[in-house]
1. Give me Val156, Val70, Val85 ranked fewest to most by other Cβ atoms within 10 Å of their Cβ, as a rough exposure proxy.
2. For the stretch 58-157, how big is the tail of P(r) above 15 Å, as a whole percent of Cα pairs?
3. Which distance in nm do the two modelled labels at His170 and Ala149 give, with both placed 7 Å along the Cα-to-Cβ direction?
4. Let's see if you can work this out: charge +1 on each Lys and Arg Cβ, -1 on each Asp and Glu Cβ, no other charges. What is the dipole magnitude of the stretch 58-157 about its Cα centre, in debye to the nearest 20?
5. Would you be so kind as to identify which of Ala136, Val85, Ala149 lies farthest towards the positive end of the dipole of the stretch 58-157, taking Lys and Arg as +1 and Asp and Glu as -1 on Cβ and the Cα centre as origin?
6. Given the Cα-Cα distance of Leu127 and Val156 and 0.36 nm per residue of separation, how much length would full extension add, in nm?
7. In whole Hz, with x marking every Gly and Pro, tabulate ³J(HN,Hα) for the stretch 112-124 from phi via Karplus 6.51 cos²θ - 1.76 cosθ + 1.60, θ = phi - 60°.
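Read the figures in this text as sums done on the coordinates, not as results from a lab. As the structure is a prediction and not an experimental result, all values here were calculated from the model. Neighbour counts run over all protein chains shown; Cβ positions are idealised from the backbone, glycine included.
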Amino acid sequence: MTDAFEAQGEFAPVQSATNNEFTAAVDTVSEAPILEALDAAAPEAAVAEEPAKPNGFIKLGLAPELIAAVADLGFTQPTTVQDKVIPIAMGEQEGAAQTARFVDLMVSSQTGSGKTAAFLLPVLHTLLKRQAEAEAEAKAEFQRLAAEAAARGETVPKKPKRKDPTNARHFKAATPGA
């Protein structure tokens, strides 16, 4: 049984740390021509840099959390499909009423053009908006109950505890959603 390190034959020359023909050949090469070539190419790369554009997803009206998440992924400008579809999917068309209105869309575009993000970003925006509204309603309801209790001279009610979703008593059947 032999290891690759022990196999020394005609095809594998013995090398020592003190006398290595490969390192000696590398040491004799001058670095000056290589550095000059790199310096000559550097100005072209510096000229090609453009000033950073502002994040284009902000003008689409997405939630700040989504804009930050998209920016963390490295995307700062929406594609053409996203630019056209996201405002329609969010119901922010010209002359549209401010009520919640959901629109069915069918989008056809080239693979890799951002159709999935054009669908998911408005969905996530709507979910975040609804969650914030539900939290605001719960807070307003608690404040109303606390004010009523204080007016009657009773103690202020405690905030409800968060229900443990793993407890069978709090189990809720799954419902369709996005």
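1. Neighbour counts put them in this order, fewest first: Val156, Val70, Val85.
2. In whole percent, the long-distance tail amounts to 69.
3. Result for the modelled spin labels: 2.0 nm.
4. 180 debye
5. Of Ala136, Val85, Ala149, it is Val85.
6. 7.3 nm
7. For the stretch 112-124, the Karplus-derived couplings read x, 8, x, 5, 5, 5, 5, 7, 6, 4, x, 5, 5 Hz, x marking Gly and Pro.
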